[in-house]
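Inspection log for the structure reproduced underneath, given as structure tokens.
The values are calculated or read from the model by the stated rules, or taken from the named source; none is laboratory data. Since this is a predicted model, take the numbers as computed values, not measurements. Neighbour counts run over all protein chains shown; Cβ positions are idealised from the backbone, glycine included. These area figures cover heavy atoms from the full protein model, side chains too; ligands, DNA and RNA do not enter into them. Shrake-Rupley method; radii C 1.70, N 1.55, O 1.52, S 1.80 Å.
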Amino acid sequence: AGDPALAATLLDLRAELTGTRPAMGGEARMAEVEYYETMMLFFEQQGCPAGAAQLARAAIRACQEGGADAGRAGRLWSSLLTYAVEAGEWVEAYAALLANPDPDRLIECLHHLLRQLIAARRIDTLCSLPWA
């Protein structure tokens, strides 16, 4: 089941990073996802999008293995896209866009990716992605 002290510490860290007090999760896989999300926030706040992206990918894998709802998975895919854009990893951002199971978040991510590609003057990349 895990170390209760460690779980409490992670919850405190998450509360500190997000400014909220999360509810305790019952399943071990979802606790793993929460751990990855907490560490994602830490790396994000430290200005390390590559580290946050790596943790987002781990959280997505844990979600898929744990059978998480599409909303949570969609949020994680959206986060991965954001971190990939921040790191200038345009192809990874595009892949995260396509993998997002939440249609509303997919549209938001599409707009974000397009705006960022244009702002970065990466029209060559924009034209090279297989949009069809």
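Is it the case, given these coordinates, that Ala87 is hydrophobic (A, V, I, L, M, F, W, C) and either in contact with a Lys or Arg (Cβ under 8 Å, 6 or more places away or on another chain) or open to solvent by 30 Å² or more (accessible area, probe 1.4 Å) (or both)?
The answer is yes for Ala87.
For the list (1) at pLDDT 90 or above; (2) surrounded by fewer than 17 Cβ atoms within 10 Å (Cβ to Cβ); (3) out of contact with any helix residue (DSSP H, G or I) (no Cβ under 6 Å at 6 or more places or on another chain); (4) in a helix (DSSP H, G or I), I need the number of the one condition that Gly71 fails.
Result: Gly71 passes all but (1).
Mind listing just one residue for me: the one in segment 49-67 that is of a type in the set (A, V, I, L, M) and buried (at least 20 other Cβ atoms within 10 Å of the Cβ) and, of those, nearest to the chain's Cα centre (by Cα)?
The selected residue is Ala56.
From the list Leu106, Leu81, exactly one residue is modelled with pLDDT of 95 or more and either surrounded by 12 or more Cβ atoms within 10 Å (Cβ to Cβ) or not acidic (Asp, Glu) (or both). Which is it?
The conditions single out Leu81.
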